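What follows is a set of notes on a single structure, which appears directly below.
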Amino acid sequence: MQESKEPKQARPAEVAAQKDPKLEEQAEAIMQEAAAKREQSKREQAAAQAAPTTPANADEAHAQKLKGVQGRCSVLSVCCVLLAAAVLGGGFYGYQEINALKQAQSTIADKAQALSDATQALNQAQQQIATLMQSNQDLQQHSAQFLQAQDELAQQVQDLVATQGQERDALAKMQAQLKSFSARDPNAWRIAESYFQVAEAYRQTAYARNPKAAIWNLQQADALLVNIEDENILALRQAIAADLSTLQAVQVPDLMGIALRLEQMYQDVANLVLAGMSDPKQRAAAFEQQQEPSDSLADWKENLLTSAKEFSSRFVEIRRRAPDAAEEFLSPQQETYLRENIRTRLLLAKLALTQGSQAEYVANLNAAATMVNAYFAKEHALTQATLESLEQLQAQQIDLNMPRVLKSHQLFEKLASTHIQSLQG
């Protein structure tokens, strides 16, 4: 991370050469002057070597060499001093530039970091703002739903209050009516209960055709009207007495006993024996399909034997039946249908018994007796018992001579209507 923020430090000479062109020109001039001095020194040395060597000349030459050396040394010293000054100046300037550059880079890095931090903070602030706006929208939606629910609850409370007020008014009205009823007639509840008993007696008479239940209901209604001194009530009791006398005179047959006898005959149908053949296997074999002869000549023996058996079985057939018996000989499938038809007739007779329909009851028993007499063996004991039971049941009178209306019920209807109109008025 530090290498990406700060560049590598350059050498002082390179920084001076890059940063100060004037110092570069001065250094080049000094180098050229030094090179010229070296050339001049070389020429003097060459001239001195070429001249004859005498003592005087030697001393002079030596002196001149010393002077030349000193001159060169002074020149070199000056060049070194100037070069050192140039180098130091350039290094100092380069160091200052490097420091300034570092400071600028550091400042730029700090500003970039600050800008990055500010951008990140701005993004976070924008996210927080978006979150807050979403939360605000959710709160507004929840607030709207809450307000709607509050309105609905307020409406429900108003409806409940209105309903409660209506119920309170209805209850007060009913209490007032009860007080009025109690004040007007203390025996009203007994009359109402007696009316219910009379109505139940009418239903038992007209629909259920149950005289015993109707008699019990009328007796209960009369007991409730005892000790009520009123002309209308006395007329009601007289009507109840007349209805009781009529119902007690009704002759009720033993319907349960008849139904049980029909049920037993329904179970005995499966044991009745057909006339002609009493063995079921023999009857099934008589209608079993014979084997057909094949068309192959190799089976001539089997074909001959099959044809002979079929001819012999059909050669002589004797059936003796009564003149009033059915002429057709029944197959096993037809026998099943016959027994089911007899059972159906017995069930229809039982239904007519519960409905009190004398005509339907007798017609179904007569049809069952006709089928038993035509298809089943009369010499069999079960067949004889079945025919005898059917004849006895046909003679039974199941139609009750029940009254269709009750005088007490009609009189009570008029009294109740008049009483209700007087209370409402």
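Net length available on complete extension from Gln156 to Gln137 is 4.0 nm, with 0.36 nm assigned per residue and the Cα-Cα distance removed.
Were the residues from Trp300 through Glu28 laid out at 0.36 nm apart, the gain over their Cα-Cα distance would be 83.2 nm.
For Leu274, the residues 5 or more places off, or on other chains, whose built amide H falls under 5 Å of its own are Ala377.
Please work out the FRET efficiency for the pair Asp230 and Val405, using the Cβ-Cβ distance as r and a Förster radius of 25 Å; give the result to the nearest 0.05. That gives a FRET efficiency of 0.60.
Values quoted throughout were computed directly from the atomic coordinates according to the rules given, and no laboratory measurement underlies them. None of the values given here were measured: they were computed from a predicted structure. Virtual Cβ from ideal backbone geometry, glycine too; neighbours counted across all protein chains shown.
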